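Peer 1: A single structure is presented below for examination.
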Amino acid sequence: MKLKVEEYYDKMAKLYDELYNTPYWRLYEEVEWQILRKHISSLGKEAKVLDAGGGTGRLTIPLAKMGYYVILLDISVCMLNVALEKIKNEDLDVHVDVLKGDIRYLDMFNDETFDLVLALGDPLSYCIDYKRALKELSRVTKLKGKVIISVDNRLSIIRRILERASLEEGIENILRRMNKALEILEKGDFEREYPIHAFTPDELRSLFEKCGLRIVEIAGLLSFIDLLPPSIRDKVIEERKEDILKIVLKEYKNETLLWSAGHILVVGVKE
């Protein structure tokens, strides 16, 4: 039986890349790559990379073009089919292997197989058992190797729920919103098309430590921009991208602003 998250991404696979082809998400990727380049710069070309929950190959393809060997793993066959077509079109077959799999169960890989493990695009938030998943991601990472993940930010989710309140919906509905936000604040769990767990920075620090990973960087994506009203973000970014990028790159590691970011990115080293 398919998980809800698998069903959702099977349905969305052919639309996925285009849905994220917006000024906001292009800026998100640019900041994400600024961070990634810093942490992959020391990798030798013989390095093995796992792109866990890598979907349509958003990260796999650029890494393969750089000469790295990448295993792209995802739970959705339809997302992987899109990735396979793109990989073939780019003649990158020699650099990439594509596997269907669940990040909670990486039994197909031996301990300490990969120099770099990525779980970006929030698969840790969507996998139901994030503790098991990170333990597995750490297990298959070599000593001194890096695990880089991104997740949904709990405080940002709460802010979005409450900022949509209006008097027109009535006081009772506003109170329901507040109670829903309180429940998410306490547990981190909620459901949209599939179950999601949103994290706090402290929760991530504890989780990484328990999995034998020392955090070397924690960042908010995109903390400063996510404070703007959603209705104007794309227009502002489109018109003043370079100025906006400078602001974001200056503030993305500011932990005072972590609460506002839609996503938290964490880099850990296995020790």
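Peer 1: Give the range 236-257 a look and list any residue that's under 16 Å from Trp25 (Cβ atoms) and touching a residue at least 60 places away in the same chain (Cβ under 8 Å), or say none.
Peer 2: Ile237, Glu238, Lys241, Ile244, Leu245, Val248, Tyr252
Peer 1: On to the next question. Run down Leu72, Leu99, Leu118 and say which single residue is part of a strand (DSSP E or B), of a type outside the set (Phe, Trp, Tyr), under 30 Å from Lys187 (Cβ atoms) and within 21 Å of the chain's Cα centre (by Cα).
Peer 2: Step by step, each of Leu72, Leu99, Leu118 is checked, and only Leu118 is part of a strand (DSSP E or B), of a type outside the set (Phe, Trp, Tyr), under 30 Å from Lys187 (Cβ atoms) and within 21 Å of the chain's Cα centre (by Cα).
Peer 1: List every residue pair whose Cβ atoms sit under 7 Å apart, with the two residues 6 or more apart in sequence or on different chains, where the first one lies in the range 169-198 and is basic (Lys, Arg) and the second, anywhere, is surrounded by 13 or more Cβ atoms within 10 Å (Cβ to Cβ) and not in a helix (DSSP H, G or I).
Peer 2: Here the result reads Arg177/Ala165, each pair linking the range 169-198 to a residue that is surrounded by 13 or more Cβ atoms within 10 Å (Cβ to Cβ) and not in a helix (DSSP H, G or I).
Peer 1: If you take the residues in the range 240-255 that are of a type in the set (D, E, K, R) and in a helix (DSSP H, G or I), which one is nearest to Asn21 (Cα to Cα)?
Peer 2: Result: Lys241.
Peer 1: Could you grab me the full set of residues in the range 134-168 that are closer than 23 Å to Glu6 by Cα and either of a type in the set (Lys, Arg) or free of Cβ contacts under 8 Å to residues at least 60 places away in the same chain (or both)?
Peer 2: Across the range 134-168, the qualifying residues are Lys135, Glu136, Arg154, Ile157.
Peer 1: Mind checking which residues of the range 124-177 are closer than 18 Å to His39 by Cβ and in a helix (DSSP H, G or I)?
Peer 2: Answer for the range 124-177, where residues must be closer than 18 Å to His39 by Cβ and in a helix (DSSP H, G or I): Leu124, Leu134, Leu137, Ser138.
Peer 1: Are any residues in the range 140-172 closer than 25 Å to His197 by Cβ and modelled with pLDDT under 95, and if so, which ones?
Peer 2: Answer for the range 140-172, where residues must be closer than 25 Å to His197 by Cβ and modelled with pLDDT under 95: Leu155, Ser156, Ile157, Ile158, Arg159, Arg160, Ile161, Leu162, Glu163, Arg164, Ala165.
Peer 1: So the check is Cβ under 6 Å with 6+ separation or different chains; which pairs have a first residue in the range 121-132 that's within 18 Å of Lys2 (Cβ to Cβ) and a second one that's in a loop (DSSP other than H, G, I, E, B) and at pLDDT 95 or above?
Peer 2: Hits for this filter: Pro123/Gly53; Pro123/Ile103; Cys127/Ile103; Cys127/Arg104; Asp129/Arg104.
Peer 1: Surrounded by fewer than 13 Cβ atoms within 10 Å (Cβ to Cβ), at pLDDT 95 or above, out of contact with any strand residue (DSSP E or B) (no Cβ under 9 Å at 6 or more places or on another chain) and charged (D, E, K, R), is that true of Lys135?
Peer 2: No: the conditions fail for Lys135.
Peer 1: Out of the range 219-246, which residues are crowded, with 18+ Cβ neighbours inside 10 Å and polar (S, T, N, Q)?
Peer 2: Ser223, the sole residue that qualifies.
Peer 1: Would you check if Glu271 is surrounded by fewer than 13 Cβ atoms within 10 Å (Cβ to Cβ), of a type in the set (Asp, Glu), under 21 Å from the mean Cα position of the chain (by Cα) and under 30 Å from Glu136 (Cβ atoms)?
Peer 2: Criteria not met by Glu271.
Peer 1: Answer yes or no as to whether Ile237 is out of contact with any Asp or Glu (no Cβ under 8 Å at 6 or more places or on another chain) and either closer than 23 Å to Glu163 by Cβ or in a helix (DSSP H, G or I) (or both).
Peer 2: In short, yes.
Peer 1: A further question on this structure: If you go through the range 81-88 one residue at a time, do you hit one that is in contact (Cβ under 8 Å) with a residue 40 or more places away in the chain, of a type outside the set (Asp, Glu) and in contact with a Phe, Trp or Tyr (Cβ under 8 Å, 6 or more places away or on another chain)?
Peer 2: Yes; the residues of the range 81-88 include at least one that is in contact (Cβ under 8 Å) with a residue 40 or more places away in the chain, of a type outside the set (Asp, Glu) and in contact with a Phe, Trp or Tyr (Cβ under 8 Å, 6 or more places away or on another chain).
Peer 1: Could you please let me know if Thr141 is among the β-branched types (Val, Ile, Thr) and buried (at least 22 other Cβ atoms within 10 Å of the Cβ)?
Peer 2: So Thr141 fits the description; yes.
Peer 1: Same structure, new question: Filter the range 75-96 down to residues that are in contact with a helix residue (DSSP H, G or I) (Cβ under 8 Å, 6 or more places away or on another chain), in a helix (DSSP H, G or I) and charged (D, E, K, R) and give me whichever is surrounded by the fewest Cβ atoms within 10 Å (Cβ to Cβ).
Peer 2: Only one residue tops the list, namely Asp93.
Peer 1: Ok, one more. Go through the range 256-271 and give me each residue that's β-branched (Val, Ile, Thr) and part of a helix (DSSP H, G or I).
Peer 2: Residue satisfying the conditions is Thr256 alone.
Peer 1: Please go through the range 30-42 and pick out each residue that is surrounded by fewer than 18 Cβ atoms within 10 Å (Cβ to Cβ) and either in contact (Cβ under 8 Å) with a residue 12 or more places away in the chain or on the phi > 0 side of the Ramachandran plot (or both).
Peer 2: Of everything in the range 30-42, those that are surrounded by fewer than 18 Cβ atoms within 10 Å (Cβ to Cβ) and either in contact (Cβ under 8 Å) with a residue 12 or more places away in the chain or on the phi > 0 side of the Ramachandran plot (or both) turn out to be Glu30, Trp33, Gln34, His39.
The values are calculated or read from the model by the stated rules, or taken from the named source; none is laboratory data. On a predicted model such as this, the values are computed, not experimentally measured, just so you know. Quick reminder, even Gly has a Cβ in these numbers, built from the backbone with ideal geometry, and neighbours come from all protein chains shown.
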